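K.L.:
Quick one: the structure is below, and I'll ask about it shortly.
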């Protein structure tokens, strides 16, 4: 997923998120590749640009799945973590969404991460790196 598609798609998918919020999430993709952290833990032979696009796709898909499995409000809370500033890996989003659905606060997320509580996810129900075809979009409608 190219950066422009990621930005416009996320703003469209999650009303209330801003260009500034989405830019922070986009930066996460670049940072991961610079740190040689790759989606599915495998380096793509096509280079860093493709790696960044892979990260953008999995972040976008993770947020879309949160919207579908929880709701828009919780998806927006996760996007707004960019203001903490704290962006989650896709495999941490599910635990954060559960935290929010139980009344948890955004400022708790960094501590939960430090304690490793966001990584303890049932991978049978939540993929580590969600793929775009996992989203249920019908005729362009969420």
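K.L.:
Would you look at the GNM of the chain, springs on alpha carbons closer than 10 Å, and say which of 67, 80, 111 moves the most?
P.N.:
111
K.L.:
With a 10 Å radius around each residue's Cβ, average the other Cβ atoms per peptide and rank 70-78, 125-133, highest first.
P.N.:
Per-residue Cβ counts within 10 Å, averaged per peptide and sorted highest first, yield 70-78, 125-133.
K.L.:
Could you point to the label whose value was computed as Rg and Dmax of the Cα atoms in Å for the structure here, given (i) 15.6, 53; (ii) 14.1, 43; (iii) 16.8, 60?
P.N.:
Recomputing Rg and Dmax of the Cα atoms in Å here gives the entry labelled (ii).
Since every read-out is calculated from the coordinates, none of them should be taken as a lab result. None of the values given here were measured: they were computed from a predicted structure. Ideal geometry is used to build each Cβ from the backbone, glycine not excepted, and the neighbour counts take in all protein chains shown.
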